[in-house]
Each structure stands twice: as structure tokens, then as C-alpha cells.
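Visitor: Sharing a structure here in C-alpha cells format.
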Amino acid sequence: MNNNFSLSHRKEEPEKGVLYIVGTPIGNLNDISLRALNILENVSFVACEDTRQTKKIMNKFNISNKLISFNQHNSSIKIPKIVKDLKEGKSMAIVSDAGMPGICDPGEEIAKILKSEGIDIICVPGACAAITALVSSGLPSSSFVFEGFLPKKQIDREKILLEISGSTKTTIIYESPKRLKKLLGELFEFCGGDREIMVARELTKKFEEHFGKNIYEVKELFRDKDVIGEITIVIKGTNKKNDLNLDRSIIKKDLNDLINAGLSLSAASKYLAKKNGLKKSEIYNMI
Ligand code: SAM
């Protein structure tokens, strides 16, 4: 068996006129693949979200190639030139600051446009925080929902939270450390305290941490903590039937609204019990 895996033994000549979407590490630079390095070295040019970030990888592995900046602010100017270059037979790689381009990072739009121009796209897969968190959570991974970052607008946010509360599938969410406590509070409100959850911090890095058990415990754990670092959250789906759980969330919201409007807990529960054909104690149990 030949154990010599030097880059030259794995040389892959990039195809002309092709866009390579290249996954890069999410923290641990050693997670870069040999194939990714090869492509980054041998394409005509590399489009990156932030050239300083990509240079760190290139320098670590002694790769030099032409870098161009490509992000949401300049994509409309850059795309026509990229299309022209690829049609003329150049090859190009696109990388984001970390992980898989197109996953909450630039990449989706250019892939869509180049595809419509008849340009071939090849993915050189790499790390992705969502998948890394999912498989290390021990939660069901055969079927899952990736939500990315939840919307900031409250009404859109609550719609997704309601869906998560009723979903039987594992859900993966990206969140900034600054908003983690707010999100845990919302998950508690919409899904209850019992649902299994894992909060993954700094995946693949030196101080990687996983916090988990159920939503209540994790919410309490972070209550007085200052959170820093990158965060991905994995939540187990509900065991309960969808409709019932959606109803529960709606009833809980109605209950809050009625109490905020001035009704006592008892009066609000009595009213909602009657409206939903439930016992008053069942409404109490929901809270
Ligand atoms: N394209 C990336 C991917 O494939 O995972 C995601 C980029 S998105 C702009 C950045 C978010 O991904 C972070 O805010 C965090 O939620 C998550 N993330 C990225 N790296 C992470 C890490 N090392 N540990 C935990 N979460 C991470």
C-alpha cells in the first residue's frame, strides 16, 4: 500500500469552464481536503467572501493562486465577468469564509445563475456546521430540517417557531451568541421544556463544547452565562402528533394574549377550555 498522500500524487486537473464550489473548514484548518487544496491551487482563480480569511488557508498549505473578492455587495458586478471567463474556458473555485458556500453563505445565487447559463458546477465537499452538529448530537439524523438563521421579524420568526414546535423531524438552527438566550426562551415557550436539544459551540475548534439534555435545562444553563463563539443548535422533533402540538402552541399564545389583555389565568383558561373542547386542567397543564 502506498502511504504517500502528498498533493502531487492526488493531482486533479480542474476542468475548463467549470465552477467548483469548495467546502473549507469551520474552525480546524486540518479539516481541508486534499482535493480542495488541489482545486484551489489549480483553477484559474478563486472567488472568496473575504480574501484575508481565504489567505489563511492558502498560506498554511503553501498555495498561491489569484483571489478575487465575491460577496453579496459586489455579486451583481462580478457575476457577468465570471460568466464570460468561464465561457472562455477558464475554471473557477468559490469558497466562503468557513464551511460550505451556499449554506447561509454566498454561493447559492451564483450557482443558480451559472446553471441557467449552462455552466457546469462541481462541488468539492467540506465541513458544514449544520451536519457536524447534527451527527454529534446523537439525535435522529435520517430526516431533518435545516432552518439556518431564524428571521428577525417577530411575526415570521413565530411562524417558524410554531412549525418547529409541531415538527417530528430534528431541526438545526444557526444563531449568533448574542441572541442565543432569546432563542432558548422562545424555544421553551413554543416547544415546552422537555424537548431534547444540543447547543454546539465552537465545533471542530480547541474549545468545542456541547450542551444538552432538554430545552429547560439548557435555557437555565445559559441564563447567567456570557456566550461567545459560534453556535449551532439541534432540536429533536416532537413525539406528539403534529396537530395536537400546533394546537398547544396556539392555545398557549391565546392564553398569553388573554392574560395580557387583563383576564385572570382562571378566566382565560375557562374561556379557552370551552372554545377548544378541553378541560380547564388541560389548559393549566399546557403551561
Ligand atoms: N457556510 C457555513 C457552514 O457550512 O456551516 C455557515 C456559515 S454561517 C454565516 C455562520 C454560522 O454557522 C455561525 O453563526 C454558526 O451558527 C454556524 N457555525 C459556523 N461555524 C461553526 C462552528 N465552528 N461551531 C458552531 N457553529 C458554527
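Visitor: Quick one: K219 ticks every box in (1) at positive phi; (2) surrounded by 14 or more Cβ atoms within 10 Å (Cβ to Cβ); (3) outside any loop (DSSP other than H, G, I, E, B) bar one, so which box is it?
Guide: Condition not satisfied by K219: (1).
Visitor: Would you mention how many residues in region 165-202 are open to solvent by less than 10 Å² (accessible area, probe 1.4 Å), within 16 Å of the ligand (Cβ to nearest atom) and assigned to a helix (DSSP H, G or I)?
Guide: Result for region 165-202: 4.
Visitor: Residues of region 203-216 being more than 7 Å from the ligand (Cβ to nearest atom), open to solvent by less than 30 Å² (accessible area, probe 1.4 Å) and not in a helix (DSSP H, G or I), which ones?
Guide: Passing the criteria: only F211.
Visitor: Additional query: G118 - would you say it is part of a loop (DSSP other than H, G, I, E, B) and touching a helix residue (DSSP H, G or I) at 6+ places or on another chain (Cβ under 6 Å)?
Guide: no
Visitor: On to the next question. What helices (runs of 4 or more DSSP H) lie completely within region 18-105 and have 1 or more residues being touching a residue at least 24 places away in the same chain (Cβ under 8 Å), under 21 Å from the mean Cα position of the chain (by Cα) and surrounded by 14 or more Cβ atoms within 10 Å (Cβ to Cβ)?
Guide: Of the helices (runs of 4 or more DSSP H) lying wholly inside region 18-105, those with at least 1 residues that are touching a residue at least 24 places away in the same chain (Cβ under 8 Å), under 21 Å from the mean Cα position of the chain (by Cα) and surrounded by 14 or more Cβ atoms within 10 Å (Cβ to Cβ) span 51-60.
Visitor: Within region 113-139, how many residues are aliphatic (A, V, I, L, M) and within 16 Å of the ligand (Cβ to nearest atom)?
Guide: 9
Visitor: If the requirement is being without any contact (Cβ under 8 Å) to a residue 24 or more places away in the chain and not assigned by TED's automatic domain parsing to the domain that holds S142, which of these qualifies: N256, N276, N214?
Guide: N256
Visitor: All but one of (1) among the basic types (K, R); (2) farther than 24 Å from S143 by Cα; (3) assigned to a helix (DSSP H, G or I) hold for R157, so report the exception by its number.
Guide: (2) is the only condition that R157 fails.
The values are calculated or read from the model by the stated rules, or taken from the named source; none is laboratory data. Note that the coordinates shown come from a computational prediction; the quantities given were computed from them, not determined experimentally. We place every Cβ from the backbone using ideal geometry, glycine too, and count neighbours over all the protein chains shown. Accessible surface areas use protein heavy atoms only, side chains included; no ligands, DNA or RNA. Shrake-Rupley method; radii C 1.70, N 1.55, O 1.52, S 1.80 Å.
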